[in-house]
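Colleague: Take a look at the following structure, please.
The values are calculated or read from the model by the stated rules, or taken from the named source; none is laboratory data. As the structure is a computational prediction, the values presented were derived from the model and not from experiment. So basically every Cβ, Gly included, is an ideal-geometry build from the backbone, and we count neighbours across all protein chains shown. Ligands, DNA and RNA are excluded from the accessible area calculation, which covers all protein heavy atoms including side chains. Shrake-Rupley method; radii C 1.70, N 1.55, O 1.52, S 1.80 Å.
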Amino acid sequence: MKVVNKGLEVRLYPDEDMVQVLEQNIGNARFTWNRLLDGYQKTYSLFKQHGYTTLKCNMATFNTMLNMLKKEYSFLRLSESSSLQQVFRDLINSFNKFFKKGSGYPRFKSKRNPKQSFRIQNNNNIKFKNNVVVFPKIGPIYFRTSKEYKKILNSNDTKINNVTIKRHNGKYYAVFNVETPIEMFDKTFESVGIDLGLRTLATLSNELKKAKIDVTHENEMIKKYQRKLARKKPGSKRYKKTQQTYWKWQDKKTNKIKDAQHKISHNLAKYYDLICMENLDIKKMFENKNISNSLQNTGLASLVDKIKYKCQWNDKEFIQISRWFPSSKKCHNCGYIHHNLKDEKTWNCPKCGKHHDRDINASKNILQEGTRILREKIMNLWYRGDSTVILEALASTAREVRILEVYTSR
Ligand SMILES: [Zn+2]
């Protein structure tokens, strides 16, 4: 048993009165975010005039600002109280990401964004009763979800940390962030290299191929209703009706991709103890317009994320190799680097004459390189004399590495 963090998304069915309450909370959270961000910027420019280059944004500053806002705007008192504090925590996180990791500067939130949300802290005051969840100050809301999720949410071993309530494409959801024990997958002592691509979604080093997730029909319908929507008067009854259908197809597409990704990542983490992949520079790939469209269709980044966290949950080894490693150009048979290789799907090695399927060859190289990296990692632990870590590594890695360890320990 291992305790992991999970985000459980359930669909909420608020009645009309409850919709008003949720929208008030959403609106207040957005208002607070925008006001705090604006306040920070104004203070910062004042600081700059006086020669300061940085202005720290911390809890105390934002708390003071929030209390001032609450005095000025009485409607903020209608909010669930922890939700507004959550806003400045999120804003601080957002600034930290900007300063430390070079993410984008925090943006103002627009009312027109189809995604809206607010977050509340659970202080042991979120209750469940059959198919109803009761939030503090907000009240009871009917919800629906899978048996599995219901079991986790109702379990005494589950700790709910916070909940994000969101509206997306006209529907309401709650995402419960929980800590919950899971039963881990068994060890299989099998390893795999995976080549991700746009034509074939995943090629495994055991020569299995996983076709890309087909959302052609969904995309066609989305385009069709997008065109219809453009011809209607915004706000009219017909517009709203078409918008519902347009959203329905968008949701269908998202769900299809999500389900397929969950299945793939589940199976990989279940059947392999060592999973090696290329570290794709997904941000760079998005800048390339030609492939950014097909990337959004398959959502490679979120697939990698899912594989990664499922490996962590199950104590499986996940190794990402450098994207500079010539996985496609290297001949898996003799090690020759074929610099002249272009986009060919198959090729013959000029040195040893071996016929290669491009993706299978790449996946085999990825496995080999990943295993080398893992070996190095284990050897470093070995040289450090950290025997408990070695034992843990031994217990959690693939057979090939296990054999190597037995060999070196003699
Ligand atoms: Zn060769």
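Colleague: Can you find a residue that is in contact with a Pro (Cβ under 6 Å, 6 or more places away or on another chain), surrounded by 13 or more Cβ atoms within 10 Å (Cβ to Cβ), touching a residue at least 60 places away in the same chain (Cβ under 8 Å) and not charged (D, E, K, R) anywhere in segment 112-119?
Modeller: Checking segment 112-119: not a single residue is in contact with a Pro (Cβ under 6 Å, 6 or more places away or on another chain), surrounded by 13 or more Cβ atoms within 10 Å (Cβ to Cβ), touching a residue at least 60 places away in the same chain (Cβ under 8 Å) and not charged (D, E, K, R).
Colleague: Going residue by residue through segment 339-347, is there one that turns out to be near the ligand (Cβ under 9 Å from one of its atoms), basic (Lys, Arg) and free of Cβ contacts under 8 Å to residues at least 60 places away in the same chain?
Modeller: no
Colleague: Restricting the first residue to segment 122-147 and requiring it to be in the same structural domain as residue 9 (by TED's automatic domain parsing) and farther than 16 Å from residue 18 by Cβ, which pairs with a second residue that is part of a loop (DSSP other than H, G, I, E, B) and not charged (D, E, K, R) meet a Cβ separation below 8 Å and a spacing of at least six or different chains?
Modeller: 123/136; 125/136
Colleague: To continue, here is another question. Does residue 307 fit the bill of being modelled with pLDDT of 95 or more, more than 16 Å from the ligand (Cβ to nearest atom) and closer than 17 Å to residue 273 by Cα?
Modeller: Considered against the rule, which asks whether it is modelled with pLDDT of 95 or more, more than 16 Å from the ligand (Cβ to nearest atom) and closer than 17 Å to residue 273 by Cα, residue 307 comes out as yes.
Colleague: Further question: Considering each residue of segment 335-356, count those that are within 36 Å of the chain's Cα centre (by Cα), of a type outside the set (A, V, I, L, M, F, W, C) and not in a loop (DSSP other than H, G, I, E, B), and give that number.
Modeller: Of the residues in that region, 2 qualify.
Colleague: Using beta carbons and a limit of 7 Å, which pairs, at least six apart or on different chains, have the first residue in segment 318-334 and assigned to a loop (DSSP other than H, G, I, E, B) and within 16 Å of the ligand (Cβ to nearest atom) and the second one open to solvent by 60 Å² or more (accessible area, probe 1.4 Å) and not basic (Lys, Arg)?
Modeller: Listed pairs, sorted by first residue: 329/339.
Colleague: Select from segment 351-370 the residues that are near the ligand (Cβ under 8 Å from one of its atoms) and open to solvent by 80 Å² or more (accessible area, probe 1.4 Å) and write down the one among them that is farthest from residue 194 (Cα to Cα).
Modeller: Among residues in segment 351-370 that are near the ligand (Cβ under 8 Å from one of its atoms) and open to solvent by 80 Å² or more (accessible area, probe 1.4 Å), the one farthest from residue 194 (Cα to Cα) is 351.
Colleague: Kindly list, by first and then second residue, each pair from a residue in segment 370-382 that is over 20 Å from residue 272 (Cα atoms) to a residue that is surrounded by fewer than 17 Cβ atoms within 10 Å (Cβ to Cβ) and at pLDDT below 80, limited to pairs with Cβ atoms under 6 Å and residues at least 6 apart or on different chains.
Modeller: 381/389
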